[in-house]
Amino acid sequence: MSVDRKVYDALSRLIGYPRAGFDEACEEWVSVVREQSPRAGEILSPFLSFLSEHSVEKLEEYYTRTFDNSQSAALEIGWHLFGESYERGAHLVHMRSLLRELDIEEGGELPDHLSSVLAILARCDAPLARKMAEQMVEPSVKKICISLAADQNPYESVLDAVLEIINLHVQETNGCI
């Protein structure tokens, strides 16, 4: 099965800050993920359950508490790869360049925010997408998941779904680079 890149856009929106209308659009994004991978869709069930039982404001609170107030769960993947080193600065410049090249609006987050990186994966060429998925996204998301494991956090299932899709993508393109 070939990974349809639109799944990365759906995951990008699911891991983005929940704004007005998020709950209405969420079902559509999960449907895109489920279409690509029934297993990844199933993984997202706890997230959908949380959203059906709580307001978007409660999800906003979880988002901020989880990702904005914790270095170990920060969604800036360069942080997990490079920390506060010079290499992270070069990484941010490279990511900003990719966002411009692929005509992706940067928004209010740093260019290495997971939502931006997933949007890049949806639009860049296949070899770069595989390399970024395998060498950047997968190790960073695994670190974030470890930090969420002790808590019953609704975002853990979204990150697990990201890993499921990344694994599908890497398996599909294994040996192609």
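The values are calculated or read from the model by the stated rules, or taken from the named source; none is laboratory data. Just so we're clear, the structure is a prediction, and the values are computed from it rather than from any experiment. Positions of Cβ are generated from backbone atoms using ideal geometry, with glycine treated the same way; all protein chains shown enter the neighbour counts.
Which of the residues that make up region 2-24 are small (Gly, Ala, Ser) and touching a residue at least 60 places away in the same chain (Cβ under 8 Å)?
Answer for region 2-24, where residues must be small (Gly, Ala, Ser) and touching a residue at least 60 places away in the same chain (Cβ under 8 Å): 2, 12, 16.
Can you name every residue in region 1-34 that is of a type in the set (Gly, Ala, Ser) and crowded, with 18+ Cβ neighbours inside 10 Å?
Passing the criteria: 10, 12, 16.
Residue by residue, here is whether (1) under 18 Å from residue 143 (Cα atoms); (2) in contact with a helix residue (DSSP H, G or I) (Cβ under 8 Å, 6 or more places away or on another chain); (3) among the aromatic types (Phe, Trp, Tyr) holds:
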position	(1), (2), (3)
68	yes, no, no
72	yes, yes, no
77	yes, yes, no
128	no, no, no
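Between residues in region 119-148 that are on the phi < 0 side of the Ramachandran plot and polar (S, T, N, Q) and residues that are in a helix (DSSP H, G or I) and surrounded by fewer than 16 Cβ atoms within 10 Å (Cβ to Cβ), which pairs lie under 8 Å by C-beta distance while being six or more apart or on different chains?
From region 119-148, the pairs are 147/72.
The rows are residues; the columns are (1) more than 13 Å from the chain's Cα centre (by Cα); (2) crowded, with 18+ Cβ neighbours inside 10 Å; (3) within 21 Å of residue 58 (Cβ to Cβ); (4) not aromatic (Phe, Trp, Tyr).
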site: 101; (1), (2), (3), (4): yes, no, no, yes
site: 116; (1), (2), (3), (4): no, yes, no, yes
site: 125; (1), (2), (3), (4): yes, no, no, yes
site: 135; (1), (2), (3), (4): yes, no, no, yes
site: 148; (1), (2), (3), (4): yes, yes, yes, yes
site: 173; (1), (2), (3), (4): yes, yes, no, yes
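Here's the yes/no breakdown for (1) modelled with pLDDT of 95 or more; (2) on the phi < 0 side of the Ramachandran plot; (3) touching a Phe, Trp or Tyr at 6+ places or on another chain (Cβ under 9 Å):
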position	(1), (2), (3)
16	no, yes, yes
23	no, yes, no
31	yes, yes, no
36	no, yes, no
51	no, yes, yes
66	no, yes, yes
83	no, no, no
86	no, yes, no
96	yes, yes, no
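Taking helices (runs of 4 or more DSSP H) that fall entirely within region 61-149, which contain at least 1 residues that are over 28 Å from residue 173 (Cβ atoms)?
By residue number, 86-101, 138-148.
List the number of the failed condition for residue 166; all other conditions in (1) part of a loop (DSSP other than H, G, I, E, B); (2) surrounded by 15 or more Cβ atoms within 10 Å (Cβ to Cβ); (3) at pLDDT 90 or above hold.
Checking residue 166 against (1) part of a loop (DSSP other than H, G, I, E, B); (2) surrounded by 15 or more Cβ atoms within 10 Å (Cβ to Cβ); (3) at pLDDT 90 or above, the one that fails is (1).
Could you tell me which of the residues 101, 105, 84 is within 22 Å of residue 19 (Cβ to Cβ) and not hydrophobic (A, V, I, L, M, F, W, C)?
105
Would you check which residues across region 35-60 are in a loop (DSSP other than H, G, I, E, B) and either loosely packed, with under 13 Cβ neighbours inside 10 Å or of a type in the set (A, V, I, L, M, F, W, C) (or both) and list them?
44, 55
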